[in-house]
Amino acid sequence: MSDAQSTWHLDGGRALTLAAGAEARRLAVARGRVWLTLSGTPERPAEDCWLEAGQAVALAPGQTAVLEGWPAADFEVLVPPNSAPARGGLLGRRLLGR
């Protein structure tokens, strides 16, 4: 996957670990079904869940997720705009009035 690609593909029978991030994120399933295990926190134990196409789950800062496609899936990991770093490039200056 390149930095420009926004949708990830996960073949059936393969697991992928999403490392903990410093900011809140949202994992959204675009196609297929995902078996997801979310790491626990001091307030909440680890949990497993199924996500179908069109469903999403919030990932808290510092939370790790392990997912597997059943049988295969396409998904996105989204960062809310207010937690993404501001970019100082030409487009950033035009949008932010700099």
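The values are calculated or read from the model by the stated rules, or taken from the named source; none is laboratory data. A quick note: this is a predicted structure, and the numbers were derived from the prediction, not measured. Methodologically, a virtual Cβ is constructed for each residue, glycine included, from the backbone with ideal geometry; neighbour enumeration extends over all protein chains shown.
Summary table
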{"item": "Count of the stretch 29-62 residues which are within 17 Å of T17 (Cβ to Cβ) and of a type in the set (D, E, K, R)", "result": "2"}
{"item": "Hits in the stretch 7-30 (condition: of a type in the set (S, T, Y) and surrounded by 12 or more Cβ atoms within 10 Å (Cβ to Cβ))", "result": "T7"}
{"item": "Hits in the stretch 68-83 - residues which are of a type in the set (V, I, T) and modelled with pLDDT of 90 or more", "result": "V77"}
{"item": "Residues that are part of a loop (DSSP other than H, G, I, E, B), modelled with pLDDT under 95 and within 16 Å of the chain's Cα centre (by Cα), drawn from the stretch 41-63", "result": "A60, P61, G62, Q63"}
{"item": "Answer from R31, R26, R14, R44 - the residue that is charged (D, E, K, R) and in contact with a Pro (Cβ under 8 Å, 6 or more places away or on another chain)", "result": "R26"}
{"item": "Condition check for G69: among the small types (G, A, S) and not in a strand (DSSP E or B)", "result": "no"}
{"item": "Candidates G88, G92, filtered to the one that is modelled with pLDDT under 95, more than 17 Å from T17 (Cβ to Cβ) and not in a helix (DSSP H, G or I)", "result": "G88"}
{"item": "Counted residues, the stretch 1-30 - those being without any contact (Cβ under 8 Å) to a residue 12 or more places away in the chain and over 15 Å from V77 (Cα atoms)", "result": "0"}
{"item": "Candidate set from the stretch 31-62 (those that are touching a residue at least 40 places away in the same chain (Cβ under 8 Å) and in contact with a strand residue (DSSP E or B) (Cβ under 9 Å, 6 or more places away or on another chain)); member that is surrounded by the fewest Cβ atoms within 10 Å (Cβ to Cβ)", "result": "P61"}
